[in-house]
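Where a number appears in this text, it was derived from the coordinates with a stated rule and is not lab data. Keep in mind that what you see is a predicted model, and the values were worked out from it rather than measured. Please note: Cβ atoms are built from the backbone with ideal geometry, for glycine as well, and neighbour counts cover all protein chains shown.
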Amino acid sequence: MENLSRRTIVIALIFLFIGVTFVIKLFILQVYDPSYKFSAESNTRREIINFPARGLIYDRNGKLVVSNQADYDLMVVPRELKPIDSLDFCRALEIEMEDLRALFHDMRSKLKNKKISWIKPSIFYKQLSAKQYGYLQEKLYKFDGFFVQRRTLRKYEYPNAAHILGYVGEVGPQDIERDDYYIRGDYHGISGIESTYEKYLRGEKGYKYVLVDVHGREKGAFRDGAYDIPAVAGKDIKLTIDIELQEYGEKLMNNKIGAIVAIEPQTGELLSMVSAPSYDPSLLVGKKRASHFSGLSMDTLKPLFNRTIMGWYPPGSTFKTINALIGLQEGVITPQTTFECHMGYTVGRFHLGCHHHTSPLDLKNSISHSCNAYYCHVFRDILDNPKNASVQEGFELWKNYLVKFGFGYRLGADVANEIRGFVPNSKYYDKYYNKSWSSLTVVSLAIGQGELLTTPLQMANMAATLANRGTFYTPHVVKDIENDTIAAKFRTIRNTGIDTVHFEPVIEGMEMAVWGGPGSTATIARIPGISICGKTGTAQNPHGEDHSVFIAFAPKENPKIAIAVYVENGGFGARWAAPIASLMVEKYLNKEIDPSRKWTEQRMLEGDLIHDEK
């Protein structure tokens with residue numbers, strides 16, 4: 001009896017525990033946590049995503065460059081579908097019956113492959129026009145299971161700066177996997193600023209819950225909007241770009257292949273980045289984006305390719321300024337050092353040619369006249385300096401200076417897809433020449449040729465570094481972010497390790513290249529009233545005519561702009577690159593072109609290196 005009594009008590013306690021647990025659970029469900037009731041009511045409500053407006057983009061002067069425009073997607077909840085008048089539906093959407101069949105076939109295929117849900121909304125027809133939306137809205141009550149969801153598309157206020165701005169497109173599976181913010185059908189920045197600053201521009205989604213009847217028709221806010229979450233608009237961004245200068249640069253590069261990059265030296269702010277050929281960014285917006293993208297992708301001139309940060313070019317003779325600085329810093333030359341040039345540099349049977357000019361030349365005149373022989377001597381003296389244990393050690397010393405100038409690695413600009421350029425190291429030549437090489441073997445590097453490859457962005461940064469007398473800021477295209485700050489690296493000064501004093505003779509040589517007498521290589525770049533300093537370059541091209549190259553900055557004191565220009569197959573630097581660069585400088589500093597230079601402007605605007613026979 002005693003055992004039976006104990007079992008009775010245990011069983012009673014178990015039932016009591018279960019009863020209390022159920023009471024507590026019911027209390028939680030019905031009183032404490034009403035979200036369960038909210039979930040139970042899901043059959044009578046619909047979740048509508050309120051897509052935030054993307055942040056607006058302005059240029060450095062406050063001009064609106066990118067805004068938003070309304071767009072509408074036709075959504076479908078497959079479970080709620082009922083037979084419809086197909087012809088009436090086609091009229092409402094302004095599509096053919098075959099197109100409608102294709103849309104339903106695509107929906108069924110996605111359902112079969114579990115890419116969309118039977119009970120949750122998914123996109124049926126993207127990007128209704130305003131006309132389609134207006135007409136469909138009147139008839140939507142006839143089509144059970146369908147409703148319209150509003151979102152925004154980008155609107156480009158200028159047909160310029162496509163490579164800087166980038167474009168917006170639909171997310172892919174990998175994007176959704178990387179960031180749980182996105183779901184199928186969302187849009188995000190794919191390239192340019194739209195990509196780099198996506199998390200600032202995209203904002204935060206909002207959610208609205210509405211009551212629906214058995215036909216899927218909206219009957220008002222669910223629980224008076226108590227569970228609605230408002231969307232938060234993306235942050236506005238101010239660019240460092242001057243959109244008028246950008247527009248002018250694109251006109252100058254019309255019918256040419258190449259790049260222009262302009263920087264404000266004192267801040268590292270990019271004033272213009274022109275990649276030519278380019279395209280109108282509005283082509284990659286809306287329903288025709290895919291067809292336009294396909295056409296641009298197949299264009300043999302590669303308008304989608306951003307040459308400013310992805311194009312590899314030899315720097316040519318512009319690079320003599322860097323070798324001069326390294327030579328001065330290492331003490332192998334002084335500003336008074338002279339070398340002779342007899343139409344080039346000759347050692348035994350080796351000869352590297354040069355154009356006709358007076359000889360011998362000192363440092364300043366070697367830059368002004370762009371003497372190849374002078375820099376063959378300087379380069380070899382750097383590598384063969386007795387303080388170095390070997391040519392390999394001398395080469396590594398030379399290479400390390402280049403790295404400090406920003407060559408050979410990505411500068412870290414806030415533009416997507418920047419490449420690093422190429423600066424070989426001694427191991428590269430050890431492997432190639434089986435450790436049997438000398439300074440003469442690689443002497444073409446003295447004049448910016450050989451294996452050395454740079455991007456136009458790196459070359460413009462070099463011009464900015466010369467303007468600053470040895471320092472630079474990491475180039476960037478965003479000036480301000482609404483209620484936020486730009487990355488600290490863009491406000492951190494970087495030093496080349498070259499003493500400031502050594503820049504003066506080099507800069508004087510660059511000034512003489514523009515303003516000197518007979519034999520000066522860049523007199524075409526003279527601007528009335530502006531002390532512009534520049535250096536021409538002719539980058540050898542094994543596939544055709546050489547590339548025209550020019551770097552410059554102005555004014556000489558307290559510089560406001562530094563620039564690099566590449567014109568593919570343009571020949572000598574003074575033929576195309578120098579006049580284009582000087583026009584850009586003049587436009588930025590003076591806002592207009594002097595009447596005496598209108599003929600130069602006209603020749604650059606009308607010049608066609610793509611279609612005209614050379």
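Descriptive notes on the structure:
- 0 to 90° range, to nearest 10: angle between helix 97-112 axis and the chain longest Cα axis: 80
- Hull shadow area, averaged, segment 54-102 [alpha-carbon convex hull, nm²]: 5.8
- Linear extension gain, Ser297 paired with Arg349, 0.36 nm per residue minus alpha-carbon span: 14.0 nm
- Between Lys431 and Thr334, the C-beta separation translates, for a Förster distance of 56 Å, into a calculated FRET efficiency of about 0.95.
- Annotation: aspartates and glutamates with alpha-carbon distance below 16 angstrom to Lys364 (same-chain offsets under eight excluded): Glu340, Glu504, Glu508, Glu511.
- Gyration tensor verdict on segment 360-432 (Cα atoms; rounded if a/c is under 1.5, prolate if a/b is larger than b/c, oblate otherwise): oblate
- Counting only alpha carbon atoms, the long axis of helix 456-467 and the longest principal axis of the chain meet at about 60°.
- Restricting segment 317-390 to trypsin sites (Lys or Arg not before Pro) in coil, as DSSP defines it, with at most 14 other Cβ within 10 Å: Arg349, Lys387
- Charge dipole of segment 154-271 about the Cα centre (unit charges at C-beta), most positive-ward option of Pro159, Val171, Met253: Val171
- Taking a straight Cα-Cα cut-off under 26 Å and skipping sequence neighbours fewer than 8 places away in the same chain, the lysines within cross-link reach of Lys427 are Lys320, Lys387, Lys399, Lys404, Lys435.
- Qualifying trypsin sites (Lys or Arg not before Pro) for segment 155-239 [loop in DSSP, other Cβ within 10 Å: at most 10]: none
- 31 Å Cα-Cα threshold exceeded, pairs from Lys287/Lys489; Lys288/Lys598; Lys199/Lys302; Lys115/Lys489; Lys82/Lys155; Lys115/Lys205: Lys287/Lys489; Lys288/Lys598; Lys115/Lys489; Lys82/Lys155
- Only helical runs count toward this figure. For the chain, summing -39,500 (n - 2.57) over DSSP H runs of n ≥ 4 and dividing by all residues gives -10000 deg cm²/dmol at 222 nm.
- For Gly571, distant residues with modelled amide H under 5 Å away: Asp546, His547, Ser548
- The candidate values were (i) 1.14; (ii) 1.30; (iii) 1.44; the one computed from these coordinates for Cα Rg over 2.2 N^0.38 Å carries the label (ii).
- Cα long-axis angle, helix 503-515 against the chain (0 to 90 degrees, to the nearest 10): 80
- One way to sum up the overall shape of segment 47-239 is the equivalent ellipsoid from its Cα gyration tensor, whose semi-axes run 31, 19, 17 Å, largest first.
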